[in-house]
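Here is the structure we will look at.
The values are calculated or read from the model by the stated rules, or taken from the named source; none is laboratory data. Only a predicted model underlies this, so the values are computations on that prediction, with no experimental measurement involved. Note: ideal-geometry Cβ built from the backbone for every residue, glycine included; neighbour counts use all protein chains shown.
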Amino acid sequence: MTKESKQTREEREAARQAEAMRALERVERESETIANSNFARASNRQINHMEEALDRTLKRLGTDEDGKYDPIEAWGSGIGRIGGAIFAIILVIWLISHFTR
């Protein structure tokens, strides 16, 4: 009697281990699918980001949508940026001198 109950206990243990192994294999397959889709999504986001950065850079260089270079636009952007930076520096100096009196 004890041998039969021991045998059934062993069979139950083996069945439980087999079920656990199947569950682990299923989780591993699903996690690989999720990881691959996350990787694909992240790489697509990076590609889109780089394309947008390239568009912004081309606009900063003075090119239009057709890729034609416009020197007046480039000079105007440069002068505007330098003027803005000078204004910001003067404003910071004035604020510091005003509030430290």
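Miscellaneous remarks
- Of all the listed residues (Phe87, Phe99), the sole one being modelled with pLDDT of 80 or more and surrounded by fewer than 10 Cβ atoms within 10 Å (Cβ to Cβ) is Phe99.
- Residue list for region 1-28, filter: surrounded by 10 or more Cβ atoms within 10 Å (Cβ to Cβ), at pLDDT below 80 and basic (Lys, Arg): Lys6
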